[in-house]
Amino acid sequence: MKKISYYLPFLLLCFVITCISCDDEQLEGEFFTTPDGQEIVIDDSPECQAALTAFQQASLELQNADPANSAAACAALSTALDNFVFACGVDTTDASVMAAMTLLNGCADMTNNCTTATANAATAQTAFENATPENEVALCNAYTIALQAQIAACGDADGSIQNIINGLNCVDQECADATTATEEALAIFNMTDITDEAAYVEACGNYSLALQDQIIICGDPDGSLQAIVDELGDCSIPEDPGPVQMTIDEEFKNFNVAEAPINGSTFEVTATDVDTGDTFEFSVTLLQTGENVLQNIVLTIDGVMYNPVLSGDPQFINEITQNDGEVIIGTFSGPMMNADGDVINITGGIIDIEI
């Protein structure tokens with residue numbers, strides 16, 4: 001209504017005007033003068049006078065209308081203008097009349113927009129009032145959007161529509177509570193002393209369960225919550241890095257202890273995962289460093305022995321960077337194969353053994 005309100009004084013000057021006495025004129029009827037000095041002649045028939053009165057009244061009602069009723073008042077004025085033009089035989093090619101009709105013909109659209117927005121809000125309200133727990137939040141948000149559209153189309157002079165919006169609570173409270181529970185469990189988990197195994201396992205377990213509840217209630221579109229659950233695993237205390245570590249087909253493996261008895265000038269090394277009994281064995285000559293100096297390499301997983309693949313591409317490789325009789329330090333990686341031809345891939349292999 002800003003545009004219409006801006007032109008309202010112009011419209012009133014054009015049409016809500018004072019009659020000029022025409023007693024000395026030869027033409028019959030009443031004359032009206034527009035702001036640009038042009039005269040509009042209308043007849044004095046009862047139909048014309050009634051249409052003029054109705055138009056003047058509609059002009060005043062639009063001038064005094066509040067925002068909530070302005071679209072309807074504008075539409076009424078547009079209709080009154082059409083009736084005035086028809087009843088009084090006003091020349092519609094007159095520039096002032098054409099300008100007024102162009103501005104006011106948009107009022108019907110404004111009224112239709114308000115009516116549509118109001119109907120949409122009512123539909124959204126009904127849907128929200130009959131919502132189920134599964135779709136309540138979505139329908140609440142839809143109702144809010146419909147009410148905002150109604151304000152845009154119709155106005156909200158007394159603020160009643162905005163009050164409805166302010167009173168809506170579209171938050172999924174069950175999800176919010178689950179998220180809060182997860183945050184509280186995480187805070188406790190972060191404060192737990194990792195050396196206190198019982199406390200750590202309990203705090204980790206509670207955090208994992210809270211995450212799983214949040215996933216069930218709120219969903220996990222990007223999988224980030226499930227990734228944390230997977231990382232927590234069985235909540236056992238993380239092991240200190242062992243003397244031999246590796247990743248086997250993307251699964252980390254830690255060998256907790258290592259023995260390195262020397263036989264002549266050769267170390268016969270056996271690293272063991274004390275939790276599973278799996279072993280990684282190799283031999284290396286004292287003081288020998290460089291690429292591919294490890295010999296007799298055998299990885300035993302679940303009782304199955306794997307040996308390095310030393311031909312083709314890729315191949316198993318290793319490098320020893322320190323071997324002074326006090327420590328053996330190096331790296332290794334590549335494919336290993338068992339007797340049945342099954343291949344596993346080793347990455348990130350690390351040797352850091354104190355003799």
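The values are calculated or read from the model by the stated rules, or taken from the named source; none is laboratory data. Computed from a predicted structure; not experimentally measured. Cβ atoms come from the backbone with ideal geometry, glycine included; neighbour counts cover every protein chain shown. For the accessible areas, the whole protein counts, side chains as well, though only heavy atoms, and no ligand, DNA or RNA atoms are used. Shrake-Rupley method; radii C 1.70, N 1.55, O 1.52, S 1.80 Å.
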Computed over region 239-308, the distribution of all Cα-Cα distances in 10 Å bins, rounded to whole %, is 19, 51, 27, 3
Whole-percent carbon and sulfur share, accessible surface of region 278-334, 1.4 Å
48 percent
What accessible area per residue comes out for region 197-354, rounded to a whole number of Å², with a 1.4 Å probe?
55 Å²
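With the contact rule set at Cα under 8 Å and sequence spacing of 6 or more, what percent relative contact order holds for region 109-209? Before the final figure, lay out the partial values.
Working: 64 pairs, mean separation 22.3, N = 101.
Once normalised by length, the contact order is 22 percent.
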What are the semi-axes of the equivalent ellipsoid for region 241-355, taken as the square roots of 5 times the Cα gyration tensor eigenvalues, largest first, in whole Å?
21, 16, 13
For region 166-288, what relative contact order do you get, as a whole percent, if you take Cα pairs closer than 8 Å and at least 6 residues apart?
14 percent
Accessible surface ranking that places the most exposed of 55, 86 first, with a 1.4 angstrom probe
86, 55
Two-site FRET efficiency, residue 250 against residue 213, from Cβ-Cβ distance with R₀ of 25 Å, rounded to 0.05
0.30
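Using the beta-carbon distance between residue 235 and residue 79 and R0 = 51 Å, what value does 1/(1 + (r/R0)^6) give for FRET efficiency, to the nearest 0.05?
Working from the Cβ atoms, E equals 0.10.
Near residue 296, within a Cβ-to-Cβ distance under 9 Å, what is the net charge of the other residues, with Lys and Arg +1 and Asp and Glu -1?
So the environment of residue 296 carries a net charge of -2.
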Which order do you get for 336, 305 if you rank them by accessible area with a 1.4 Å probe, largest at the top?
305, 336
Excluding residue 172 itself, what net charge comes from residues whose Cβ is under 13 Å from its Cβ, given Lys and Arg +1 and Asp and Glu -1?
-4
Using a probe radius of 1.4 Å on heavy atoms only, what accessible surface per residue do you get for region 114-155? Whole Å² is fine.
56 Å²
Students often check this: by mean Cβ neighbours within 10 Å, which of 267-273, 177-183 ranks highest, and how do the rest follow?
267-273, 177-183
Length gained, residue 132-residue 327, 0.36 nm per residue minus C-alpha separation, equals 63.5 nm
Nearest-10 value in Å² for the accessible area of residue 194, using the 1.4 Å probe:
80 Å²
Suppose R0 equals 30 Å. What FRET efficiency, 1/(1 + (r/R0)^6) with r the Cβ-Cβ distance, do residue 268 and residue 342 give to the nearest 0.05?
0.70
Inter-site label distance for residue 291 and residue 201 at 7 Å from Cα along Cβ, in nm
4.7 nm
